[in-house]
Amino acid sequence: MYDDLDRRIIHGLYCAPRASFRRLGEVVGVSEQTVARRYNALRRDGVMRVVGLSNPVAHGLAEWIARLRCRPDAAGPVADSLARRPEVGYASVASGGSEIICTIRSTPDTGRDDVLLRQLPKAASILDMSVDLLLHPFSRPGTAGWAGGKRSLTDEQVRQLTAQRPAPAGPPPAPTDGDRPLFEALAEDGRASHTRLAQATGWSATRVARRLEALEATGSLTYGIDILAERLGYDLNAILWLQVDLPDLHRIGEELARHDECAFVAATSGRHNLMAVVICEDTPAFYRYLSSRLARTEGIRGYEISIRARRLKQSVSLIHHGRLVHPALG
């Protein structure tokens, strides 16, 4: 069973993915050994993975959100095939078993039709599909993503963890070919020690530290926190497809990003110009969110809901037998 301390540690890692166990312990109010033990248990059990990622913006890539409607008997194999493709990020099957939702990385000038033709599988079992560009992600200050269902850390604790984080100036440059072994090691474990990264790259630990600092400062290196929310007691995962008034788009996106229930919020092209991934404990909690906090948000003209039935990929981690694993192990 996982508790509020685990959620505080997860929230702390969202704020500072490579913060030392000692620093995390100082902020959340427990010993370094306790943080290390809790983190290692979360990682060992496949509940959480911290991964280092090359910023797609540095490679001129954008993200598309695809919704595929398939024959129910074929949705599983098609979704499994998509999840194993490196250009595909999040992938899940919605309730009813006929809708697949996934994100695809491609160049912004590829165009919708090219994404359909080049990236998505050609299968007679696909009855209909839509592909829209993710225009702008929204995130709450100091952290991004779902941090355990509650804002477990106070604003002051978040500030302590993020105060020294550099703010990238300008677009991030693409990493060099020499950085490839470093990124491969970070994709396996974003918190790997300098010693472990030195072994993987053949560099000295000092060179590793300098290169990490430079990549983080320019924004070329980002971090993802993959979490199995259901293992923390949050069993309902849904995507809201919202239609909002254009003058209110940015305001509503920022407002939803501050909701504890929202794991991801982004402006999109297409008929629905805003999407939000919502995670709640159960159906009654989801209804309370819809009928209270979301209902009080002015400017929403319409919505659809996709309830997740089966998740196959979270960011870069595959879900294998109820655990988050590196794609090579799935």
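The values are calculated or read from the model by the stated rules, or taken from the named source; none is laboratory data. The model shown is predicted, which means the values in this text are computed figures rather than measured ones. Using ideal geometry, Cβ is built from the backbone for each residue, glycine included, and neighbour counts are taken over all protein chains shown. Just so you know, the surface numbers come from the protein's heavy atoms only, side chains and all, with ligands and any DNA or RNA stripped out. Shrake-Rupley method; radii C 1.70, N 1.55, O 1.52, S 1.80 Å.
Exactly one residue out of 197, 249, 242, 236 is more than 30 Å from residue 299 (Cα to Cα) and surrounded by 14 or more Cβ atoms within 10 Å (Cβ to Cβ), and it is 197.
Would you tally the residues in the stretch 252-261 being aliphatic (A, V, I, L, M) and closer than 16 Å to residue 301 by Cα?
Here is the first cut: in the stretch 252-261, the ones aliphatic (A, V, I, L, M) are 252, 256-257.
Next, only the ones that are closer than 16 Å to residue 301 by Cα stay: 252, 256.
Count: 2.
Looking at 186, 215, 221, just one residue is open to solvent by less than 50 Å² (accessible area, probe 1.4 Å), free of Cβ contacts under 8 Å to residues at least 60 places away in the same chain and under 14 Å from residue 52 (Cβ atoms), and that residue is 215. Screening residue 264 against (1) at pLDDT below 95; (2) over 17 Å from residue 229 (Cβ atoms) leaves a single unmet condition, (2). A count restricted to the stretch 56-68 and to residues that are within 19 Å of residue 313 (Cβ to Cβ) and either of a type in the set (Gly, Ala, Ser) or touching a residue at least 60 places away in the same chain (Cβ under 8 Å) (or both) stands at 7.
For the stretch 171-182, the criterion of being among the aliphatic types (A, V, I, L, M) and surrounded by 17 or more Cβ atoms within 10 Å (Cβ to Cβ) is satisfied by at least one residue.
I'd like the full set of residues that are among the aliphatic types (A, V, I, L, M) and either within 19 Å of residue 99 (Cα to Cα) or in contact (Cβ under 8 Å) with a residue 60 or more places away in the chain (or both), limited to the stretch 232-273. Even if it seems obvious, please write down each step before you answer.
Initial filter on the stretch 232-273 (among the aliphatic types (A, V, I, L, M)): 232, 236, 238-240, 242, 244, 246, 249, 252, 256-257, 263, 265-267.
Those that are among the aliphatic types (A, V, I, L, M) and either within 19 Å of residue 99 (Cα to Cα) or in contact (Cβ under 8 Å) with a residue 60 or more places away in the chain (or both): 232, 236, 238, 239, 240, 242, 256, 257, 263, 265, 266, 267.
Scan the stretch 59-77 and give yes if some residue there is in contact with a Pro (Cβ under 7 Å, 6 or more places away or on another chain) and aliphatic (A, V, I, L, M), otherwise no. Within the stretch 59-77 (the criterion being in contact with a Pro (Cβ under 7 Å, 6 or more places away or on another chain) and aliphatic (A, V, I, L, M)), the answer is yes, since at least one residue qualifies.
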